Amino acid sequence: MHIAERTLRFMNGFLKSYGPSNLKKVLWDKEFSGDKWDFIDNTLGDCVYPVLEKYAENGSILDLGCGPGNTANEVAADAYQTYVGVDISEAALSKATKRSEENGRASRNSFIQGDFIVYVPPQQFNVILFRESMYHVPLGKVKSMLDRYSKYLTDRGVFIVRMNTTGSLLGRMKAIGDVMEREFDVVEKRQFGESGPTVIVFRPKLR
């Protein structure tokens, strides 16, 4: 039974990252409709917020894989003017929209249902954020996806990636981090605690 459970867990994770968009939506909606992700409902004080507030420069934020709206509702209200959150799960976005309305941020926060790997933004942004969502990008697509999104950064704009680089995902996340550091200009990189998350700030290289 233990082996069977591990196999099912692996397949679920694989499909949520590598499956077709319609299947990924079904899987994520099922999880966000239940209580599996309730533990992330409050992430006040997260290490990514001071970094995000610094580089947003009271401008615009694109949050790819925004989930139930933590960043949209917990980052300092005076750190940005407009926020766009993209997530494949309508169930997660329903929670995000409700939270924004309750917090008086509905006029500045907007949410779009879609697969961020192929999403096309409507404008340029000061910050494009991947908060834990980089786990779900196939390694072979990381550079091409970031190259495509580079066109939607302002002249001073940056990517910010928050990810855990310890545990079972160490090898894969290190490989993704290597792509960022090799192919882009790293502005800032911080490790929070010996086994805590890493936050990387980077931008396209000057050609």
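Worth pointing out:
- Residue match in the stretch 151-171 (condition: farther than 16 Å from R131 by Cβ, in a strand (DSSP E or B) and basic (K, R)): yes
- Subset of the stretch 108-127 [of a type in the set (V, I, T), more than 13 Å from the chain's Cα centre (by Cα) and at pLDDT 95 or above]: I112, V120
- Answer residue from the stretch 155-179, given it is at pLDDT below 90 and exposed (fewer than 11 other Cβ atoms within 10 Å of the Cβ) and is farthest from D46 (Cα to Cα) among those: G171
Residues are listed down the side, and each one gets a yes or a no for (1) loosely packed, with under 15 Cβ neighbours inside 10 Å; (2) over 17 Å from the mean Cα position of the chain (by Cα); (3) not small (G, A, S):
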position	(1), (2), (3)
L129	no, no, yes
P138	yes, no, yes
E181	yes, yes, yes
K189	yes, no, yes
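The values are calculated or read from the model by the stated rules, or taken from the named source; none is laboratory data. Just so we're clear, the structure is a prediction, and the values are computed from it rather than from any experiment. With ideal geometry, Cβ positions are generated from the backbone for all residues, glycine too; neighbour counts draw on all protein chains shown.
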